[in-house]
1. Please work out whether region 179-234 counts as rounded, prolate or oblate from its C-alpha gyration tensor, where a ≥ b ≥ c are the square roots of the eigenvalues and a/c under 1.5 means rounded, while otherwise a/b larger than b/c means prolate and anything else oblate?
2. If you average the sequence gap of Cα pairs under 8 Å that are 6 or more apart and divide by the length of region 249-345, what percent do you get for the contact order?
3. So if R0 is 56 Å, what FRET efficiency would Asn322 and Arg429 give, r being the distance between their Cβ atoms, rounded to the nearest 0.05?
4. At Gln104 and Arg309, where each label point lies 7 Å from the Cα along Cα→Cβ, what is the point-to-point distance in nanometres?
5. First measure r as the distance between the Cβ atoms of Ser344 and Met299, then evaluate 1/(1 + (r/R0)^6) with R0 = 35 Å and state the FRET efficiency to the nearest 0.05.
6. If the chain between Gln3 and Lys419 were fully stretched, how many nm would it gain, using 0.36 nm times the residue separation less the Cα-Cα distance?
7. Find, among the GluC sites (Glu not before Pro) in region 88-195, those assigned to loop by DSSP (not H, G, I, E, B) with at most 11 other beta-carbon atoms within 10 angstrom.
8. If I stretch the segment between Asp133 and Glu174 completely, what's the gain in nm (0.36 nm per residue apart, minus their alpha carbon distance), one decimal?
Amino acid sequence: MKQDEELQRLLKAVAYSPGPIPNVSEVLEMGKEKGKEARVADDEGLEEDMLAGRPVPGSALREPSRIVRFFLSSTFTDTRLERDLMIAAVMPRVREYCQSVGLQLELSEMRWGVNDVHSARHETAELCMAELDRCKEQSVAMNFIGILGSKYGYRPFPAALDVELYTLLRGEAESGTHPLLDTWFVHDENRGLYILRHVTDIIPDYVPSRSDAASAKWWQTFEQIQSVLRSASRSLLAAGRITPEQARLFSQSVTEEEMRRGLIKHSDTGRCLLVSRELEGVPCSDRAYTDGADDEARMMLGDLKKELRARLEPAGRFVEFNVPYRAGGLDPVLHPEHAAYLRSFLGEMESRIVQSIREYQARSHVRSSPLYDEVRRHRSFASSKVDSFVGRDDLVTAICESAQAHKLTFVQGPSGSGKTSAMATAAARLRDRLPAGSV
């Protein structure tokens, strides 16, 4: 109840009053006006290839996704207001718009997606990356939004290390730290990895959501292991025995890994966005908004922002806000300039997400037609039959030879004997052999 009251107080202070979202007819008109350009830029002859029976990418045969699903990446404590207000003020409006055009809106909010069991098993980063990849794969529009403030974030060491790298690190570490590493890392011979043991294997009373003696013991142990591995990796890097990419595993934050995966690794920059919020004058003592006195984290954050800006700004996918810091952090109730920033932030988020949906609607309107959809379904069905067809080469060869020699080939057999799969396989083999116009 108190959380709801606080959220309503913040919403009232921000006073977000957006304009109307464009309706469906406007989206379809944009598709008609840009139809020719969209065909050339996006389809690249796909529709013609589909209808003519020529090879097309496997992705073109799948049933089109109707999901708009984006991953929201940031450190948590310093962007709490942005996240909470976006969910409360922007998402309901965008969800209603998606429903009006036959789409389903989903937000991947990892503050809710990781429980105590996952944390104790060191699965947090793995779950985040899997969810990010899922958004990239499924979403037809916006699929990734990153927010970078003045905090670099949590920097865990890998929970799984290949044998060669672990052996190098252990050998470089001081001998007095070997019992610590040997206690917490176990050799998994089946996977060929050294695996970090679950916290509860050694500290049975540990519960991540509690602040007690067991939790304090784990985090003290974590910092010790982190210090040993980070120091060893730096020495190995200086000696040229490991690569910079391997060394980065022990210093990079989870947030940077998400940003690189969402904004650099995947090439769909048209469906992602980075927001950089510069909190001017924020002191290192405010640990909710900074990494404290961690100079390395501050330098890595600066380098990351610079690299991402250079990549995304030319494409219009980089947005920057400069916000004055006030004691206690962001507070739209006490500081009008903070309310103005959050109002602008929410407006930018809504317009960018809706624009990505409009662009998808325009593209899909250009390609969509009853004939195209019917051919796609038939080709998708045939492709599924070919993928599962094994053997019976004599039958397929006979069908191919008959089809090339005669105008009509008839295949007969009892129900369930594999006629459809055999004909689909024969058709795939004949695609480049028969004259143009053959059916």
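Only the coordinates and a few stated rules stand behind these numbers; no lab work does. All of these numbers come straight from a predicted model, not from anything done at the bench. Cβ: placed from backbone, ideal geometry, glycine included. Neighbour counts: every protein chain shown.
1. Values: a/c = 2.68, a/b = 1.36, b/c = 1.97.
It comes out oblate by the Cα gyration axes.
2. Dividing the mean separation by the residue count of region 249-345 yields 30 percent.
3. On the way: r = 62 Å, r/R0 = 1.11.
About 0.35, to the nearest 0.05.
4. Once both label points are built, they end up 4.0 nm from each other.
5. Numbers: r = 29 Å, r/R0 = 0.82.
The computed FRET efficiency comes out at 0.75.
6. Working: separation 416, 0.36 × 416 = 149.76 nm, distance 6.26 nm.
Fully extending the segment from Gln3 to Lys419 adds 143.5 nm.
7. Numbers: sites: Glu96, Glu106, Glu109, Glu123, Glu126, Glu131, Glu137, Glu164, Glu172, Glu174, Glu189; in loops: Glu109, Glu123, Glu174, Glu189.
Hits after loop and neighbour filter: Glu174, Glu189.
8. Details: separation 41, 0.36 × 41 = 14.76 nm, distance 3.84 nm.
Result: 10.9 nm gained on full extension.
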